[in-house]
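Accompanying notes for the structure given below.
Readers should treat all values here as calculations from the given coordinates under stated rules, not as data from a laboratory. All values derive from a computational prediction rather than experimental measurement. Using ideal geometry, Cβ is built from the backbone for each residue, glycine included, and neighbour counts are taken over all protein chains shown.
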Amino acid sequence: MLELRPNCELCDKDLPPDATDARVCSYECTFCAACVDDVLHDVCPNCGGGFQPRPIRPGRAWRQGTGLGNDPAGGQRRQSPFTRDEIDAFVAAIHEIDPADR
């Protein structure tokens, strides 16, 4: 089950569980769509993978034991451990490689 992290790791924008602009990589690093598109160019600065829209966990338990009431979103805010200069250099080095080929 996804943790549903509460913020963009780059700009610290709030990304509540129903945010349609949340993006995740395969390690669940979480960024907002604006940072993914305008700064990261579909390169996760932590692992080098690409991003996909984060699924929205239903607030309602449509089936027993599901939904945000049973499995709440994570609350620990995270920040990228890399400086903006480090991120920019990393992105520049690999952004032209398709995520499936990285």
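Starting from the Cα of His41, step 7 Å along the direction of its Cβ; do the same at Ala100; then give the gap between the two resulting points in nm.
Here the answer is 2.1 nm between the modelled labels.
Given H placed 1.01 Å from N in the peptide plane, which residues other than close sequence neighbours of Thr30 have an amide H under 5 Å from its amide H?
Long-range HN contacts for Thr30: Glu9.
Stretched out fully, how many nm does the piece from Glu28 to Ala92 gain, at 0.36 nm a residue minus the Cα gap? Intermediate results must be reported in sequence, preceding the final value.
Numbers: separation 64, 0.36 × 64 = 23.04 nm, distance 2.17 nm.
Length gained between Glu28 and Ala92: 20.9 nm.
The chain: longest stretch without exposed chymotrypsin sites (Phe, Trp or Tyr not before Pro) (DSSP loop, at most 14 other Cβ within 10 Å), sites themselves excluded? Could you put the intermediate results ahead of the total?
Details: sites that count: Tyr27, Trp62.
The longest such stretch corresponds to 63-102.
Taking N as the number of residues in the chain, what value does Rg over Cα atoms divided by 2.2 N^0.38 Å take? Spell out each step's value before the answer.
On the way: Rg = 14.4 Å, N = 102, 2.2 N^0.38 = 12.8 Å.
Expressed relative to 2.2 N^0.38 Å, the Cα Rg reads 1.13.
Kirkwood hydrodynamic radius, segment 1-60, all distinct C-alpha pairs: what's the number in Å?
Details: mean 1/r = 0.0887 Å⁻¹.
Answer for segment 1-60: a Kirkwood hydrodynamic radius of 11.3 Å.
Remind me, relative contact order of the chain in percent, using alpha carbon pairs under 8 angstrom and six or more residues apart?
Working: 155 pairs, mean separation 30.6, N = 102.
The normalised contact order for the chain reaches 30 percent.
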